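Enquirer: Structure below; questions to follow.
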Amino acid sequence: MMFLKKKKQEQAEYDRGNWKPVLRCSICNGEQVAGFKHLHTGAFREEMLIQNDRELAAFKSRYGIDEIEKEY
């Protein structure tokens, strides 16, 4: 039997000068999407659907984020 090493997840980068992490939340159905909002244009770049706390923690860990703002 072969045992596989768990891959160490590399931290992804984003342009912190132009983008901020945002959690978009729907007031209708509770759906949450994590992504980045451009500070100058307001454009939103969707990264992943968040269905539970574990997925949110994974997103924050991937990009080295401590706090994330919610938008409704």
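The values are calculated or read from the model by the stated rules, or taken from the named source; none is laboratory data. These figures come from a predicted structure and were not determined experimentally. Just the protein is used for accessible areas: all its heavy atoms, side chains included, with ligands, DNA and RNA removed. Shrake-Rupley method; radii C 1.70, N 1.55, O 1.52, S 1.80 Å.
Enquirer: Quick check on the chain: take the gyration tensor over C-alpha atoms, sort the square-rooted eigenvalues as a ≥ b ≥ c, and tell me if it's rounded (a/c under 1.5), prolate or oblate.
Expert: oblate
Enquirer: Let me ask you something else. Between E31 and R62, 0.36 nm times their residue separation minus their Cα-Cα distance comes to what?
Expert: Extra length available between E31 and R62 comes to 9.1 nm.
Enquirer: Rounded to the nearest whole Å², what accessible area per residue is found for the chain with the 1.4 Å probe?
Expert: 81
Enquirer: Count the lysine pairs in the chain that are 8 or more places apart or on different chains: how many have C-alpha atoms under 22 angstrom apart?
Expert: Lysine pairs meeting both conditions in the chain amount to 9.
Enquirer: Quick one: compute the contact order of the chain, relative version, from alpha carbon pairs under 8 angstrom and 6+ residues apart, as a percent.
Expert: 34 percent.
Enquirer: How large, in percent, is the carbon and sulfur part of the accessible surface of the chain at a probe radius of 1.4 Å?
Expert: Carbon and sulfur together cover 49 percent of it.
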